[in-house]
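Remarks on the structure that follows.
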Amino acid sequence: MSQKQLILENLHELLAHNVIGDIQYNYRYIGFNGELSFLEWYQSTHPNDRLFDGGYFLPTQEYKECYDKSSIYFTVSKDKPEEYAFIYESIAKLSLKKYYFIQYNTEKQFEEWEQKDLLKSENPIHTPELSVFEYLPKDAQFKVVELPEFLANYQINNYYRPKNNIPEAKKTEWIGKLEKFDEEQLLQLYVQRLIFDGFLGFKVKRGIPSDIDCIALTSRGLPLIMEVKEKDLSKGPLNGFGMDLSRIEALRVLEETTGINVYYIVRRVANQTTRDFMEWRVISIKNFIEKMDRKPIAGGTGMRATDTYNPTYLCELNNFVKRD
């Protein structure tokens, strides 16, 4: 088994314990494919820009929204925390409970990482050496702390979701699709999910999560927040791309509070079956909100239960700028 395959086997194990079914499992991987494709495309078309790993917003109290005062923002990265100081300075304007940076060590090969039974299953998963830092807004600096201190913010409920019986063919299909991506990016994806789904997951009490897909610093020194989605064109009288109401609101608040411009990046695919790539389309969140249709539609299932309602707003294709 190759190093990439081993990483992806471990990623599968994490997701199989942290989704409510194979439909949500599939949507999770569609999201991964879009984000990894974006990183590949952006780095090749903007070689002078610097990409930074995005982070998570996760409230420590059940049912609370992502920017609640009980929420914690954390980044998982192999980078040094000091490189992210300008990002944390902006995020701190949201006045959250705490801010952390979790750095993983890449000196050892993945196969040499310690294996831990974080999911209470018969398959322990690979875990790197981790260094944890807390960002202190008043001092504008990072302080070394221990991993248990970060985890202690979340109350344990000792619930371990049983592993979903994901069809082997579906698992094999997605491992095959993701194998084409850079190993470093696959490792980054895996460790992010390891913290979120392995160390935290459903075994802790938590609120409604949100995240930042990617942050770019342009060659001119301008920071940008990227929201990346892989989508086909909407069906019906209005041809365009949608976003659910809660995500629109989260991105609007993020932009207005931090002062960092947010962009919605769509990896357009031909349909939901073959998902053949067509083009990249881009719009600022400000323009999306200004141009979107005022009548919501029922959005897709995504990571939710299939019987829930998800109001979604569409914005016509011609409002999105095509990028090569």
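The values are calculated or read from the model by the stated rules, or taken from the named source; none is laboratory data. What you see is a predicted model, and the numbers here were worked out from it, not measured in a lab. Please note: Cβ atoms are built from the backbone with ideal geometry, for glycine as well, and neighbour counts cover all protein chains shown.
Miscellaneous remarks
- Of the listed requirements (1) modelled with pLDDT of 95 or more; (2) touching a Phe, Trp or Tyr at 6+ places or on another chain (Cβ under 6 Å); (3) among the charged types (D, E, K, R), residue 203 misses just one: (1).
- Condition met for residue 89 (modelled with pLDDT of 95 or more, outside any loop (DSSP other than H, G, I, E, B) and loosely packed, with under 15 Cβ neighbours inside 10 Å): yes
- Boolean, residue 298 is closer than 24 Å to residue 26 by Cα, touching a Phe, Trp or Tyr at 6+ places or on another chain (Cβ under 8 Å) and either among the acidic types (Asp, Glu) or modelled with pLDDT under 95 (or both): yes
Listed here are the residues, each with its yes/no results for (1) in contact (Cβ under 8 Å) with a residue 24 or more places away in the chain; (2) in contact with a Pro (Cβ under 6 Å, 6 or more places away or on another chain); (3) assigned to a loop (DSSP other than H, G, I, E, B); (4) of a type in the set (A, V, I, L, M, F, W, C).
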| position | (1), (2), (3), (4) |
| --- | --- |
| 131 | yes, no, no, no |
| 134 | yes, no, no, no |
| 139 | no, no, yes, no |
| 149 | no, no, no, no |
| 153 | yes, no, yes, no |
| 160 | yes, no, yes, no |
| 164 | yes, no, yes, no |
| 172 | no, no, no, no |
| 175 | yes, no, no, yes |
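- Criterion: touching a residue at least 12 places away in the same chain (Cβ under 8 Å) and surrounded by 14 or more Cβ atoms within 10 Å (Cβ to Cβ) - qualifying residue of 80, 97: 97
- Residues being in a helix (DSSP H, G or I) and under 15 Å from the mean Cα position of the chain (by Cα) - total across the stretch 1-25: 5
- Which listed residue, of 99, 56, 67, is at pLDDT 95 or above, part of a loop (DSSP other than H, G, I, E, B) and either touching a helix residue (DSSP H, G or I) at 6+ places or on another chain (Cβ under 9 Å) or of a type in the set (Asp, Glu) (or both): 67
- Matching entry among 219, 234 (being part of a loop (DSSP other than H, G, I, E, B), loosely packed, with under 14 Cβ neighbours inside 10 Å and touching a residue at least 60 places away in the same chain (Cβ under 8 Å)): 219
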